[in-house]
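Heads up: the structure comes next, in structure tokens.
Nothing in this text is a laboratory measurement; each read-out follows from the coordinates by a stated rule. Note that the coordinates shown come from a computational prediction; the quantities given were computed from them, not determined experimentally. Every residue, glycine among them, receives a Cβ derived from its backbone with ideal geometry; neighbour counts consider all protein chains shown.
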Amino acid sequence: MSTAQGFLFFLLLLGVAAAGLRLLSRTTPTVPYPVLLAVGGVLIGLVPGLSLPPIGPDLILLAFVPGLVFEASLSQDLGELRRRILPISLLATVGVFATVLLIAALSHFFLRLDWASGFLLGAIVAATDPIAVVGILRQLRAPKGLEAILDGESLFNDGTGVAIFAAVLGTIVSGHPSLLDASVRFVLVTLGGIVIGLGVGAVGVLLVRRVKEAELEMYDYRFDPKTIKGKPGQKVTLELKNEGKTEHNLTIDSQHIDKDVEKGEDAKVAVTLPKSGAIHFYCSYHKTKGMAGSLSVG
């Protein structure tokens, strides 16, 4: 089997495995879908004779990571993020630094690595991704604030981890590793990343706002209103009628509601307004696939 044939076979196997694991996750809700994906990826890697083209770190950092971070930022609850900014900031900065230092110390004293290599190892593993934990918290209907802290911290700790890794690797490659040199490199990488990130982010927002083609949008249409306002404690019912050929989706992050409504079905969701007196939600469908229906609030 040639490399090209092996890669095509890998993509086909990956698609079939992802679809099968998604169906399996619905029958076993106690096991998060990302955990099943990780297990499936390990099993695919064990397939004998599967040859893949080399994938370098530049491809991962420049092609895959930005898309994942962009998708994660779109799903953030900005209200909860602002309210929890202090613990999120501490965990994404002080928490990551403390983890790097702890791993460096353990690897130095127990694995006999030099301090530079220990810090490099710490920078690699310090930035955790709690997506499976967040999935379990949503199933258990844990406090929204806890979920927001984990989501926000996982979004920002990647930047801290990458900056520390680049700084430590740079000072090692220089041939004269030192804490001062690594600190200077960290500051430069952080400031440069902030400036470039703000610029690219602003351009990205402008482009997303101008996108009109259905094939390029995440959803063709979103029902209004996007916010329900009333008195705290007031009970509100959302009724969604699906008269189209494929499913609608109704999501209320603050209420842990993510409901798919199949074609020809109706759905009612009762919610209670929180202390803020407002609930943000969105309902989407693909009009290019023959969707029709209505959303009423009462």
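Ranked by the mean number of other Cβ atoms within 10 Å per residue, highest first, peptides 157-170, 113-126, 262-275, 93-106 order as 157-170, 113-126, 93-106, 262-275.
The H on the amide N of Ile257, modeled in the peptide plane, is under 5 Å from the matching H of Ile252, each at least 5 residues off or on a different chain. Between rounded, prolate and oblate, where does the range 56-210 land on the alpha carbon gyration tensor, with a ≥ b ≥ c its root eigenvalues, rounded for a/c under 1.5, else prolate if a/b exceeds b/c? Note, shape of the range 56-210 comes out oblate.
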